[in-house]
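Input: a single structure, listed below in structure tokens.
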Amino acid sequence: MKVIYTDSLVIGGGLAGLRVAIASMQRGFDTIVLSLVPAKRSHSAAAQGGMQASLGATIKGDGDDEEIHFGDTVRGSDWGCDQDVARMFVNTAPKAIRQLSAWGVPWSRVRRGDREVVINGKKVTITEKNEAHGLITARDFGGTKKWRTCYTSDGAGHTMLYTMDNKAIQMGIPVHERKEAIALIHEDGVCYGAIVRDLITGELMAYVAKATTIATGGYGRLYAISTNAVISEGIGNAIALETGIATLGNMEAVQFHPTAIVPVGILTTEGCRGDGGLLLDKDGYRFMPDYEPDKKELASRDVVSRRMTEHMRKGKGVPSRYGDHLWLDITLLGRKHIEKNLREVKEICEYFLGIDPVEELIPVRPTQHYSMGGIRTKASGESPTLKGLFSAGEAACWDMHGFNRLGGNSVAETVVAGMIVGEYVADYCEQNPLNVSTSTIQHFMKQEEKKISDLLVRDFGENPFELKAAMQKIMMDKVGIFRNGEDLEQAVEDLKVLNQRAKKIALRNRISSSNPELVEAIRVPKMIKLALCVAYGAWLRTESRGAHSREDYLERNDRDWLKRTLTTWKDDSADLPEVSYEDLDIMKMEMPPGSRGYGVDNTVHHPDTARREQEIEEIKKANPGADRFELQQLLNPITIPEKFKGKNERIGRGFK
Amino acid sequence: MSDQERILKFQIFRYNPQKKGDKPRMVTYEVTEAPGMTIFIALNDIREHQDPSLQFDFVCRAGICGSCAMVVNGQPTLACRTLTSNYENGEIKLLPLPGFELIGDLSVNTGKFMRAMSERVESWIHDQNADKVNFEKLEERMDPDVADQIYELERCVECGCCVSACATKRMRPDFLSAVGFMRLARFALDPRDKRTDQEFYEIMGDDDGVFGCMTLLGCEDYCPKDLPHQTQIAYLRRKMVFVK
Ligand SMILES: Cc1cc2nc3c(=O)[nH]c(=O)nc-3n(C[C@H](O)[C@H](O)[C@H](O)COP(=O)(O)OP(=O)(O)OC[C@H]3O[C@@H](n4cnc5c(N)ncnc54)[C@H](O)[C@@H]3O)c2cc1C
Ligand code: SF4
Ligand code: SF4
Ligand code: FES
């Protein structure tokens with residue numbers, strides 16, 4: 001049995017994983033990163049739009065600060081997020097971006113003087129301040145009050161990931177590529193690493209560690225059409241679920257992005273609309289102002305996706321052999337802007353659609369895009385139920401996004417969570433000796449060996465590719481943008497059948513070394529379990545909140561549903577996960593539930609909401625001289641690692 | 001997108017070094033073309049319906065991550081964004097990218113090569129203060145044009161097309177290659193990187209570095225991100241000539 005020991009094992013080499021690894025290495029702990037692919041190819045590289053941080057350097061971000069970013073994030077989440085975490089996040093994001101700037105990201109900068117931009121379909125001239133020249137600039141994104149999304153032309157994720165990986169290389173952090181974690185090792189409620197399969201040789205190894213962090217990204221590929229990379233299959237979430245101890249949070253919270261190209265589902269960034277692009281229907285009519293007169297194309301993502309779907313259902317979609325779609329029009333932005341700030345979009349249009357978006361309209365449709373749900377963690381990033389297991393990034397339900405995440409808040413989360421969780425991982429390594437018994441390691445190793453050898457000897461059985469396609473179709477058809485009880489119930493029943501069938505997979509290519517069919521056979525049963533968590537959670541949640549939109553329960557119901565779904569899978573032979581709920585305590589909220597300001601407000605309020613509002617008023621009255629920092633301390637005192645406690649400087653207002 | 005259905009003929013290099021007794025060979029597969037079909041879609045179709053052992057690497061399938069470079073009808077390119085309709089006679093020959101360790105079939109270990117390249121050129125900002133920077137304060141300013149120029153050179157996706165297209169690399173296994181030059185040019189341009197010309201010289205001032213380059217520009221012809229290899233190699237050369 002090959003065993004590799006380390007202090008901090010990080011599963012995932014995207015932005016979140018690398019940042020956690022850097023933090024634990026900086027604190028002097030032996031650290032290893034595992035990744036399915038070379039770290040720089042992780043899906044983080046695909047983020048084109050940018051990262052939110054309230055720097056307020058561009059004139060259109062003037063006056064921005066942590067409070068406004070916090071408000072946007074909480075409202076965006078439809079009050080489903082953990083406000084402590086959202087607070088830690090907004091306070092740390094400016095530091096994260098400035099650190100990345102020192103480490104090498106060539107963020108696009110403010111240029112003093114006049115420039116022409118497109119706002120609400122019209123060309124407008126804005127004048128950047130002299131004293132902002134050379135500071136990090138920002139663009140507009142959906143659901144934000146200020147221009148807050150910092151970017152590098154069209155390659156924010158790419159430059160962030162390259163810088164992060166380069167930093168890791170500089171520090172000598174080993175990244176073990178083409179390795180897949182397939183099970184966690186745990187004993188008496190403590191996690192001690194993972195069983196890992198080498199995707200080239202097929203060898204199984206035990207990576208034994210004090211602290212284990214899962215940063216494996218999202219589970220978008222549970223759906224047939226997704227903007228996500230083909231490796232975003234949620235295996236990190238699944239191995240946590242399979243412990244029977246760790247919990248997954250809000251798995252039904254799945255985001256659909258308004259503008260992926262038809263039919264392949266490749267994303268065109270929200271930057272297209274942020275920079276002034278419009279949505280048009282089959283008559284060339286701009287329909288969003290009719291639905292959302294205020295934010296129009298730049299309403300929150302879940303809202304725009306639903307409005308587009310509604311509009312297509314009214315017969316206003318453009319028919320095509322792949323079903324209806326709408327148009328994204330960026331022609332009004334002009335060639336120069338597109339070739340610089342939206343070049344990736346242009347390349348995608350040219351290569352995959354054979355069109356030039358400078359002159360032609362882009363066929364788009366809402367498409368699966370982001371997983372708000374994931375491994376439930378405390379604010380420290382540690383699982384509340386399985387000690388020593390941490391999670392960060394899209395894989396986690398750290399829960400700053402609740403039921404809908406804002407564009408630009410995700411890459412920001414990866415680096416901020418990486419910083420904060422990384423410190424707690426290091427603390428954990430400091431405080432806990434590694435004492436796991438060899439027999440436990442052996443037990444998990446044998447278990448995985450047996451699963452694989454069973455697969456390699458079975459003569460007849462199910463085809464893993466077919467099972468996967470069937471699962472993806474169920475999720476597309478029945479667990480999509482608009483959901484209803486009947487479809488969801490059917491989805492759960494259908495997935496249960498697939499779950500049984502997945503126990504009898506047989507291979508055509510029966511070798512244990514590099515073998516794509518075996519990889520599929522290992523992953524598909526795990527993915528079906530995750531799909532069940534999503535569908536079952538969605539069926540049980542009889543309200544509409546953020547991206548979870550029930551046609552049979554239209555209202556957001558704070559009274560009964562202001563709570564987080566927790567899923568565990570204790571009994572491997574069971575057909576369904578166990579579901580429980582965790583209340584969100586309004587009496588601790590800095591911002592009690594209110595209206596997001598889209599469409600009609602039909603919220604069923606919780607009795608605590610009015611109480612808390614009044615309490616906040618009283619606190620404010622009792623502390624008339626309190627500045628925003630003191631007020632936050634009174635309303636939402638958070639613990640944050642010492643390093644990140646300081647205030648953030650901005651031009652024109654210093655540290656105020 | 002054309003509507004007519006045709007049968008595509010894929011000739012694919014097959015060899016699994018992990019499998020005892022396996023020998024390199026070309027195997028032909030037929031696939032019914034679908035509108036908008038890319039090589040990514042076709043290869044998955046072959047894997048799912050004809051041969052589940054076929055190895056290849058795709059991650060983003062959108063021309064962004066650099067995973068899927070292979071030789072398509074003689075030209076190194078990103079397979080995921082290559083439409084099958086580009087090939088009029090419907091015959092497509094696929095070979096793994098040369099110049100890299102073969103993992104199996106169309107999969108090569110570019111990751112290992114690129115990590116070694118990054119270590120060799122020390123692909124990071126050299127500044128003792130980078131870790132001590134006070135991130136509560138305003139970030140250091142940068143000229144907007146300089147930031148844009150750095151990004152232009154940082155758009156490399158480490159796909160390896162330039163390496164596979166380089167005649168010098170074929171003769172000199174330790175040749176740094178265009179991807180390494182591009183990375184060096186990116187850091188040489190960056191005011192945050194405090195390395196001196198002398199320090200850059202030590203990395204690339206020999207025949208395995210920029211003086212080994214024969215300027216045949218296979219790199220520039222095949223770079224899927226259209227990076228300006230010619231001008232950057234010339235720039236590095238000029239810079240190095242003045243050292244010593
Ligand atoms: C097309 C697209 C555009 C986006 N644009 C933006 C944007 O503009 N702004 C924004 O804020 N967000 C954006 N997002 C979202 C954002 O990019 C992601 O949420 C974020 O990058 C996820 O980072 P991560 O580190 O959590 O995971 P990833 O970057 O997905 O990394 C996951 C890592 O885990 C590894 N891994 C997975 N499973 C295993 C396993 N079993 N064993 C070992 N390793 C494993 C992978 O190899 C990889 O290294 C976008 C997303 C998409 C799909
Ligand atoms: S110019 Fe020619 S020799 Fe020089 S790096 Fe490019 S391909 Fe290689
Ligand atoms: S320089 Fe171009 S061809 Fe070479 S690795 Fe980078 S993107 Fe690929
Ligand atoms: S799969 Fe990412 S570039 Fe082709």
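Contour minus end-to-end for A:Q431 and A:K473, with contour as 0.36 nm per residue of separation and end-to-end as the Cα-Cα distance? Don't skip to the end; give the middle numbers.
On the way: separation 42, 0.36 × 42 = 15.12 nm, distance 4.66 nm.
Stretched out fully, the A:Q431 to A:K473 stretch lengthens by 10.5 nm.
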What percent do you get for the relative contact order of chain A when only Cα pairs under 8 Å and 6+ apart count?
19 percent
Given the C-alpha centroids of the range A:602-635 and the range A:257-324, what is the distance between them in whole angstrom?
37 Å
Residues of the range A:494-531 that become at least 50 Å² less accessible with every protein chain present than in their own chain isolated, using 1.4 Å: which are they?
A:R508, A:S514, A:P516
Per residue value of the accessible surface for the protein assembly as shown (all protein chains in place, 1.4 Å probe), Å²
35 Å²
In whole percent, and with a 1.4 Å probe on the protein chains, what portion of the accessible area of chain A is carbon and sulfur?
50 percent
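Among A:K378/B:K137; A:K179/A:K468; A:K179/A:K446; B:K169/B:K194; A:K296/A:K563, which pairs are too far apart, with a Cα-Cα distance over 27 Å? Intermediate results must be reported in sequence, preceding the final value.
Values: A:K378/B:K137 29 Å; A:K179/A:K468 22 Å; A:K179/A:K446 18 Å; B:K169/B:K194 29 Å; A:K296/A:K563 30 Å.
From the list (A:K378/B:K137; A:K179/A:K468; A:K179/A:K446; B:K169/B:K194; A:K296/A:K563), the Cα-Cα distance tops 27 Å for A:K378/B:K137; B:K169/B:K194; A:K296/A:K563.
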Burial of 40 Å² or greater, the range A:19-57 residues [accessible area, probe 1.4 Å, versus chain by itself]
A:R41
Using Cα centres only, tell me the gap between the range A:43-93 and the range A:190-252 in whole Å.
27 Å
On Cα atoms only, tilt of B:110-121 relative to the major axis of chain B in degrees
10 degrees
Between chains A and B, what is the buried accessible area in Å², counting both sides, with a 1.4 Å probe and ligands, DNA and RNA left out, to the nearest 100?
6500 Å²
Span from the the range B:134-153 Cα centroid across to the the range B:68-132 one, whole angstrom:
29 Å
What part of the accessible area of the range B:81-155, given as a whole %, is carbon or sulfur when the probe is 1.4 angstrom?
45 percent
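I need to check one value: relative contact order of the range A:53-110, counting alpha carbon pairs closer than 8 Å and at least 6 residues apart, in percent.
Details: 35 pairs, mean separation 20.7, N = 58.
Computed value for the range A:53-110: 36 percent relative contact order.
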Taking the chain alone as reference and the full protein assembly as comparison, with a 1.4 Å probe on protein heavy atoms only, the residues of the range A:200-226 that lose at least 40 Å² of accessible area are A:I200
I want to verify a result. In a Gaussian network model of chain B, Cα cutoff 10 Å, which of these has the top mean-square fluctuation: B:P96, B:P52, B:P228?
B:P52
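Counting alpha carbon pairs within less than 8 Å and at least 6 residues apart, what relative contact order, in whole percent, applies to chain B? It would help to have the intermediate numbers written out before the result.
Numbers: 380 pairs, mean separation 41.7, N = 244.
After rounding, I find 17 percent.
The values are calculated or read from the model by the stated rules, or taken from the named source; none is laboratory data. Note that the structure is a prediction, hence the values are computed from the model and not measured. With ligands, DNA and RNA removed, areas are computed over all heavy atoms of the protein, side chains included. Shrake-Rupley method; radii C 1.70, N 1.55, O 1.52, S 1.80 Å.
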